[in-house]
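Written out below as structure tokens is the structure these notes cover.
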Amino acid sequence: MLHEYKNEIHELKLSNAHFAKVFEKHNALDQQVEDAEAGRTLLTDVELETLKKEKLLLKDEAYKMILDYKKAQA
């Protein structure tokens with residue numbers, strides 16, 4: 001997720017507990033989506049779509065925190 005912000009992500013995970021929680025939850029959902037799409041986990045289309053939407057919301061939240069962090073560092 002957001003690989004171009006690798007350094008910022010690392011710093012935020014160490015300094016911001018909320019960011020770390022959002023990042024961890026996003027990665028867990030990403031794994032669930034991957035497992036479902038690969039057929040390792042059975043989910044309905046609605047369940048899979050719900051996971052994808054939740055994952056996207058978390059990514060948006062993390063992205064905003066990264067941008068705010070970058071702005072504060074400037």
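Read-outs: derived from the displayed coordinates by stated rules, not from any lab. Bear in mind that the values here come from a model prediction, so they are computed numbers and not experimental data. Glycine gets a Cβ as well: all are built from the backbone with ideal geometry, and neighbour counts include every protein chain shown.
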Could you check the spin-label model distance between Q73 and E4? Points 7 Å from the Cα along Cα→Cβ, value in nm.
1.5
Run lengths n ≥ 4 of DSSP H only: what is the helix-derived mean residue ellipticity at 222 nm for the chain, with -39500 (n - 2.57) per run over all residues, to the nearest 500?
-28000 deg cm²/dmol
Taking the stretch 3-73, how much of its Cα-Cα pair set, in percent, is spaced more than 15 angstrom apart?
56
Given a Förster distance of 22 Å, report the FRET efficiency between Q31 and Y63 from their Cβ-Cβ distance, rounded to the nearest 0.05.
0.65
Rounding to the nearest 10 and keeping the result within 0 to 90°, find how far the Cα-based axis of helix 17-37 lies from the longest principal axis of the chain.
30
Quick calc, the stretch 3-73, dipole around Cα centre from Cβ unit charges on Lys, Arg (+) and Asp, Glu (-), nearest 20 debye, gives 340
The relative contact order of the stretch 3-73, taking Cα pairs under 8 Å that sit 6 or more residues apart, comes to a percentage of 40
